[in-house]
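The values are calculated or read from the model by the stated rules, or taken from the named source; none is laboratory data. All values reported here derive from a predicted model rather than from experimental measurement. All Cβ positions, even for glycine, are placed from backbone atoms using ideal geometry, and neighbour counts span all protein chains on display. Each accessible area value is taken on the protein alone, full model and side chains, heavy atoms only, with ligands, DNA and RNA left out. Shrake-Rupley method; radii C 1.70, N 1.55, O 1.52, S 1.80 Å.
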Amino acid sequence: MTAGPVSKNIQKLFFYEEPDRASFALDHTGTLGDFTLIPHLEGSIDHDPGKVFIDPGQGVHHIHDHREKIEGHKAWSLTFRTPLAPGETLAGDGVAAVAGPCAKLLKNVLGGVELGTGTTVATTWADGTSGELTSVAGLKAGMAIGFVLANRFYVREIKSVVGSVVTLKVALPSAPQATDVVYGGVTLFLTRNPRAFAQFLVIGEEEDDRYVFRGGFGTVQIELSLTGESEPMLTFTFEGRAWDYGEDAASDLSLLAFESEAYVNYSPIPDHVGEFIEQQVGTTALVATPVKQVGFTLNLENRAITDPSAEEGLRHWMRVRADTPTIQGSFMPSFYEDLTRQKRRDNRDDMYLAYAFGTTTLSGAVLLTASKVQYLASPPGENEGVGVETVEWEGRNDTDTVVALSADTDLAVSCFRIHIFR
């Protein structure tokens, strides 16, 4: 206990991934070095170390009396915001990509991660779509790779890997040249049955304002501004049942000195400089679209698997099918031009959407993709005096990425992916 009031917004947030169901909700604070310091947006942490109380319901014998409730299971919730940011390791030739704090959290929620390894172009490509790499170790269809062309950084998803030849989903603006560096990235994708869960430490400046939240599972929402006046943001919401006061953890958190710490592998960038691509599924010719608004909405639903023999009656969590599309969104082209998108809606064309921000290897880049979408609305309108249209879409699983039938297909069929470079 401190000798007076402290600022509530002076907090630290640490994350540890419980790697499998065997380690579900087990206190890991005995190894504090395994936790990752999360660069949360100041003031965004909202946590509740709660308990359920049950009204036993017996009758009372006085008009003003009330029943004492009995204690049910614990129940915690945690919400916070963190920038959708690259890290500090650029995976050039022979270098493996490293997952930073943002990628670790996204992997825990989405379920899948692949770490690419950089390489070089073996021979000059005939075009911007397909060619041979010196090595394809650590590269798979559904992942992404980056190229520097005319001093600008471009990232593209891989459609197929055959021998040492990769084919991209979307063509580059020019053909890569022999010996050019090919950069690897961190790919986050949806899996059918995520098996890793989340453990958090919320550390307040006040020694008695510290908690361990165990056995959590969560969702995430993405906010892109494209204004150049704010950064891309992720809002995470986690919940669980097992929690402890910091003083009751395997390592007594109330004894930790509250000192400044550096965020590791974290280098935020704005999202207003980039490239939005919309094109028909199965085509590779580059079709870049000027846009002023882009939105991706993930609809993930989790179900508690209960068991009275488990701590607080919770065995683990399960991802279940939601009533809404897993991925949906909208975009607003910079100006209204013609009937193309309305006719794509009418024809039920399958479209591929991608937005990349960050255009230099110094800053790094982030690529978000929706593998196959259907346009549902595209009404003409007005925005700031300019004629525009807002295209609303819903996504379905990828059918364009080429993998062997025997391969693990979660990466290949994922309806939504995030690729982080640097």
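Do we have any residue at all in the range 50-66 that's aliphatic (A, V, I, L, M) and closer than 23 Å to residue 268 by Cβ? No.
Applying a threshold of 6 Å to beta carbon distances and a minimum spacing of six or more residues, or different chains, the list of pairs starting in the range 20-31 at a residue that is under 20 Å from residue 245 (Cα atoms) and ending at one that is at pLDDT 95 or above and in a helix (DSSP H, G or I) reads 25/311. When residue 152 is tested against (1) under 28 Å from the mean Cα position of the chain (by Cα); (2) crowded, with 16+ Cβ neighbours inside 10 Å, exactly one condition is not met: (2). Note on the range 314-405: enclosed strands (runs of 3 or more DSSP E) holding 2 or more residues that are modelled with pLDDT of 95 or more and hydroxyl-bearing (Ser, Thr, Tyr) are 351-360, 364-377. Just one of the listed residues (156, 192, 210, 152) is touching a Lys or Arg at 6+ places or on another chain (Cβ under 7 Å) and charged (D, E, K, R), and it is 156.
For the range 10-40, which positions are within 19 Å of the chain's Cα centre (by Cα), outside any loop (DSSP other than H, G, I, E, B) and either closer than 28 Å to residue 306 by Cβ or among the acidic types (Asp, Glu) (or both)?
At the first step, the residues of the range 10-40 found to be within 19 Å of the chain's Cα centre (by Cα) are 13-19, 35-40.
So of that shortlist, the ones also outside any loop (DSSP other than H, G, I, E, B) come out as 13-18, 36-37.
Correct list: 13, 14, 15, 16, 17, 18.
Those strands (runs of 3 or more DSSP E) of the range 175-271 in which 2 or more residues are open to solvent by less than 30 Å² (accessible area, probe 1.4 Å) and of a type outside the set (A, V, I, L, M, F, W, C) occupy 197-204, 210-223.
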